[in-house]
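For reference, the structure is listed below as structure tokens.
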Amino acid sequence: FRSHPESHWHGIQQISLEAVLNGCLSRPRELDLIRWTTELAIDNDPKDYWSCGTLVEALLLAPIGGQQVDMEAIHDAVQALRNRAGTDSFPIESTRRQINRYNTWWTKGNGYFPGMADLSHVSTEIVALLA
């Protein structure tokens, strides 16, 4: 990701794993960079739905980067994903599975997010939006 910051998917994978395993980010500004690159990708390609899914997860991870969760921005990103996916349900289902890991797998009860609360309360809302 650091070699190719436009590869937002690599960045969100890196950040999400660091967040759940360590409960913090060694470089919190990378979360801002991922969000910025996904927003650029969304602006530059009206057919790109994967960037919308990455943005949803970046917005979910905001507390790990020291920011507040912005549910309005999450709603907007989910709507953009739905609009761009059209009749193709796979991108929505794939994003829902990605976010649902924060409810069923990456939880405090399963030993993740040491030293802090997990993100299941917000991810539950996001999964409902993607249903």
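The values are calculated or read from the model by the stated rules, or taken from the named source; none is laboratory data. Just so it is clear, the model here is predicted, and its values are computed rather than measured. When we count neighbours, we look across all protein chains shown, and the Cβ atoms used for this are built from the backbone with ideal geometry, even at glycine. Just so you know, the surface numbers come from the protein's heavy atoms only, side chains and all, with ligands and any DNA or RNA stripped out. Shrake-Rupley method; radii C 1.70, N 1.55, O 1.52, S 1.80 Å.
In degrees between 0 and 90, to the nearest 10, how far off the longest principal axis of the chain does helix 29-44 point, with axes built from Cα atoms?
10
Send over a whole-number figure in Å² for the accessible area per residue of the range 1-120, probe 1.4 Å.
The answer is 53 Å² per residue.
What number, in percent, do you get for the relative contact order of the chain if the mean sequence gap of Cα pairs under 8 Å and at least 6 apart is divided by its residue count?
The normalised contact order for the chain reaches 24 percent.
Taking the Cα atoms only, what angle lies between the long axis of helix 71-85 and the longest principal axis of the chain, rounded to 10 degrees?
The answer is roughly 40 degrees.
For the chain, give the magnitude of the charge dipole about the Cα centre (Cβ charges: +1 Lys/Arg, -1 Asp/Glu; no others), in debye to the nearest 20.
For this selection, approximately 360 debye.
Relative to the longest principal axis of the chain, what angle (0 to 90°, nearest 10) does the C-alpha long axis of helix 120-129 take?
20
Would you calculate a helix-derived [θ] at 222 nm for the chain, using -39,500 (n - 2.57) for each DSSP H run of n ≥ 4 and dividing by the full residue count, to the nearest 500?
Roughly -20000 deg cm²/dmol at 222 nm, from the helical runs in the chain.
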